[in-house]
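The values are calculated or read from the model by the stated rules, or taken from the named source; none is laboratory data. Remember, predicted model here, so these are calculated numbers, not experimental data. Here the Cβ positions follow ideal geometry from the backbone for every residue, glycine too, while neighbour counts run over all protein chains shown. These area figures cover heavy atoms from the full protein model, side chains too; ligands, DNA and RNA do not enter into them. Shrake-Rupley method; radii C 1.70, N 1.55, O 1.52, S 1.80 Å.
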Amino acid sequence: YGKIQGNVVDLVGLIGTTAGDDRDKGFTEEFNKIAAENSGLKLIARQEGKFDQETSFNLMSQIMAANSQIDAVFNGNDDNAVGALRAIRQASKNLPMDDPKHIIVIGIDGTEQALTAIRKGEMDATLSQNPLTMASQSVKYVDAYFNGDKSKIPQHEFWPHILLTKENIDSAEVKAYEIG
């Protein structure tokens, strides 16, 4: 990763849910690996945003009041990210992405609000899991279940994902992935 420095906030999703717990585990494990090699990288706050914009807005407002320097916010989903972004805007800290004091905001899910914020240059990225494909495959599994062909239903299904940024959000690759 090279030399990474900065103060990071982790707005966890909804603790006790598979999505919330797994996303938090993945973030924590990877962050700890990177931080072990980069002494200037610090996790300054970890709060449960509960996959909720209002909760995340309030938490991020409090975190910003207590910390003068925040460089990045990882969010357990896009609702957390949109709430955090609203708090950053309200504190007049929503600087352009090329400004060294810009706070990096990353979410997960590829919601319409997040995609709009990325297109406007307000949010840096979201990871999308292609909900159209997921829903379609889920219906096929339900059909297999009710029609007695349970052997076609795997124990786990790993879905492809794509990182959406201002640079690629309207690209052919993303359009082929079937994102809004």
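Cβ-Cβ contacts under 8 Å between residues 6 or more apart (or on different chains), taken from a first residue in the range 134-163 that is under 21 Å from residue 175 (Cα atoms) to a second residue that is at pLDDT 85 or above and open to solvent by 100 Å² or more (accessible area, probe 1.4 Å), are listed as 162/173. Here the range 112-141 is the region considered, the condition is being open to solvent by 60 Å² or more (accessible area, probe 1.4 Å) and aliphatic (A, V, I, L, M), and the residue that is farthest from residue 75 (Cα to Cα) is 139. Pull up the range 15-65, narrow it to residues that are within 23 Å of residue 94 (Cα to Cα) and among the polar types (S, T, N, Q), then point me to the one that is most open to solvent (accessible area, probe 1.4 Å). Among those residues, the one meeting the criterion is 62. Here is the figure for the range 92-108: residues that are over 19 Å from residue 6 (Cα atoms) and surrounded by fewer than 22 Cβ atoms within 10 Å (Cβ to Cβ) total 1.
Scan the range 1-16 for residues that are of a type in the set (Val, Ile, Thr) and within 17 Å of residue 127 (Cβ to Cβ) and jot them down. Those that are of a type in the set (Val, Ile, Thr) and within 17 Å of residue 127 (Cβ to Cβ): 8, 12.
Only residues that are of a type outside the set (A, V, I, L, M) and in contact with a Gly (Cβ under 7 Å, 6 or more places away or on another chain): list them for the range 77-103, please. Once the filter is applied, which keeps residues that are of a type outside the set (A, V, I, L, M) and in contact with a Gly (Cβ under 7 Å, 6 or more places away or on another chain), the range 77-103 yields 77, 78, 80, 83, 96.
Yes/no matrix, rows are residues, columns are (1) closer than 18 Å to residue 12 by Cβ; (2) at pLDDT 95 or above:
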residue: 76; (1), (2): yes, yes
residue: 92; (1), (2): no, yes
residue: 98; (1), (2): no, no
residue: 132; (1), (2): no, no
residue: 161; (1), (2): no, no
residue: 176; (1), (2): no, no
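Taking every residue in the range 16-34 that is under 13 Å from residue 50 (Cα atoms) and pairing it with any residue that is exposed (fewer than 14 other Cβ atoms within 10 Å of the Cβ), at least 6 positions away or on another chain, the pairs with Cβ-Cβ distances below 9 Å are 21/15; 24/15. Criterion applied to 30, 37 was being of a type in the set (Asp, Glu) and either under 24 Å from residue 118 (Cβ atoms) or within 14 Å of the chain's Cα centre (by Cα) (or both), and the one residue passing it is 30.
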